[in-house]
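In what follows, a single structure is set out as structure tokens and then discussed.
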Amino acid sequence: MGSESEDELVIRLVVERLMQAHPQLAAGLVKAAVATAYEELRYARVRTYLPVLMERRARDLLFFDELPPSS
């Protein structure tokens, strides 16, 4: 009882990596981006790359606002 599922562990590790890499970001914002990334990718058949794909997608979500406006 109380043990994390594999997906919960992956989510926690991705949040921790992003928080380490970007300490200026609010934890709630990072958690929300990772949760969104997980929801988008949770049914992937090949789960080997799930952590890296989640991290990339969450990064895209977090830094979308920093992109310059397109002309």
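We did not get these values from a lab; they are worked out from the coordinates using the rules stated. Remember, it's a predicted structure, so these values are computed and weren't measured experimentally. With ideal geometry, Cβ positions are generated from the backbone for all residues, glycine too; neighbour counts draw on all protein chains shown.
Remarks
- Nearest-ten-degree value, helix 6-21 long axis tilted from longest Cα axis of the chain: 30
- Placing dummy labels 7 Å off each Cα toward the beta-carbon, the span from residue 6 to residue 42 is 1.6 nm.
- Three semi-axes describe the equivalent ellipsoid of the chain; taken as square roots of 5 times the Cα gyration tensor eigenvalues and ordered largest first, they are 23, 15, 9 Å.
- Cα long-axis angle, helix 27-41 against the chain (0 to 90 degrees, to the nearest 10): 70
- Label-point gap, in nm, between residue 49 and residue 13 - each point 7 angstrom along Cα→Cβ: 1.7
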